Amino acid sequence: MKRLLQVNDRGIYCERADVYIDPWQPVQRALITHAHSDHARRGNGQYLCHHDTAPILTLRLGTDIRIQRVSYGEPIQINGVTFSFHPAGHILGSAQIRVAYKGEIWVVTGDYKLLNDGLSQPYEPVVCHHLITESTFGLPVYAFKSPFAVYKEIKDWWRENQQAGVNTVLLCYALGKAQSILNQLREETDVPILLHGAVANVNGALAARGYHFPGQWMETEPVTKAPKGALILAPPSALGSPWMRRMGNYRVALCSGWMQLRGARRRRGVDKGFVLSDHCDFRQLNEAIDLTGAEHIYVTHGYESQFTRWVREERGLPAEIMNTLYEDMELEEL
Ligand SMILES: [Zn+2]
Ligand SMILES: [Zn+2]
């Protein structure tokens, strides 16, 4: 029997509705979980996504793409199949996609996390029979604390650096983490917050949806130096680039789930690591399985073989690897 959703060479396919979810090859109709570049690629005939995802798609893929916008929970009928988008808690606009046909329910998580970051619409469990889940941090060693505890660590470190007379550079994903950090810095008005162009562009696009964040774009021209005590947000790729020379004396930190591993910080050549992730850790992945009541688990990008084995052997649920072309984007650029 054909499954309601299966992977082919273009993406996660629903044959009955003839649509794809987060395809990696161009297709006629694409349902997009969120705007990160491994999930939302160019060349599709039509894009269906949440309202908050749309301006980022336009920023990245051009204003000439065709987009149909949906709200969370709004049902869309396509050839008898019902699709709906539900908060994934990953970044602004991120969604899990629920697919229902004749009483059978599938959920594609996209990227997601259960911890509230204070900005993204918090994750809502969606009850289903079949759950397709990511597994970026699907090993027990990954155990993330609340983002709010990490925001405090970041602020404290910034104060420390100010007292030492050095600037603070935070490297984080330009779409997602940058905004959730900036959202916590609204009260910090005494010292300037400066933004790399990649972050400023995303903020500019989100303004169309009524989201406004502190921080000034640090333009490439004229070449000026960051004032003392400043906080600068940039994507990880900025490290080692000429742009960094304008930071004067600075300390640099990387914000990523990977910072949990000893050695990762040293390998990346940064002074400090903040364990801040927009993905589920091991406990959250397991909790999601409990909350959805799913009976069949399909594991995509991340530690798929380890997590599949865990679900099968330790949880006694049928689980299999679903091979997709999504990547770990935690350390990448927009
Ligand atoms: Zn993502
Ligand atoms: Zn992903």
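Numbers for the structure displayed
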read-out	value
Per DSSP, loop trypsin sites (Lys or Arg not before Pro) in segment 238-303 with at most 15 further Cβ within 10 Å	ARG262
Residue-span extension gain [HIS212 to ARG186] - 0.36 nm each, minus C-alpha spacing	8.4 nm
Leading residue at positive end of dipole, segment 171-240 (Cβ point charges), from HIS196, TYR173, PRO227	TYR173
Label-point separation in nm, GLU219 to PHE148, each point 7 Å along Cα→Cβ	3.9
Theoretical ellipticity at 222 nm over the chain - DSSP helices of four or more residues, -39500 (n - 2.57) apiece, nearest 500	-6000 deg cm²/dmol
Within segment 155-212: Cβ-based charge dipole about Cα centre, in debye rounded to nearest 20 (Lys, Arg +1; Asp, Glu -1)	240
Residues of segment 265-306 with amide N under 19 Å of the 7 Å Cα→Cβ point at MET1	294-298
Pairwise centroid distance, computed over Cα atoms, of segment 67-129 with segment 177-194, Å	29
Residues whose placed amide H lies under 5 Å from that of ILE78, excluding near-sequence neighbours	PHE83
Test item: Cα-centred dipole of segment 185-260, Lys/Arg +1 and Asp/Glu -1 on Cβ, debye	160
Two-site label geometry, THR82 and ASN116: point separation in nm, points 7 Å out along Cα→Cβ	2.8
Magnitude of the charge dipole, the chain, Cβ model with Lys/Arg +1 and Asp/Glu -1, debye to 20	580
Relative contact order for the chain, counting Cα pairs under 8 Å that sit 6 or more residues apart, in percent	18
Net charge of Cβ neighbours under 10 Å - reference ALA35; Lys, Arg +1; Asp, Glu -1	0
Stokes-Einstein diffusion coefficient of the chain, Kirkwood radius over Cα pairs, 37 °C, 0.692 mPa s, in µm²/s	160
Beta bridge orientation in the chain: antiparallel %, DSSP, nearest 5	35
Per residue, in Å², the accessible surface of segment 235-334 once ligands and nucleic acids are set aside, probe 1.4 Å	48
Karplus (6.51, -1.76, 1.60) ³J(HN,Hα), θ = phi - 60°, over segment 88-100, in Hz, Gly and Pro reported as x	9, x, 7, 8, 4, x, 5, 9, 8, 10, 9, 10, 10
For segment 147-274, diffusion coefficient by Stokes-Einstein and Kirkwood Rh (Cα), 25 °C, 0.890 mPa s, µm²/s	166
Within segment 147-274, percent of DSSP bridges classed antiparallel, to nearest 5	0
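The values are calculated or read from the model by the stated rules, or taken from the named source; none is laboratory data. Given the structure is predicted, the values throughout are model-derived calculations rather than measurements. Note that we place each Cβ from the backbone using ideal geometry, even for glycine, and neighbour counts take in every protein chain shown. Accessible surface areas use protein heavy atoms only, side chains included; no ligands, DNA or RNA. Shrake-Rupley method; radii C 1.70, N 1.55, O 1.52, S 1.80 Å.
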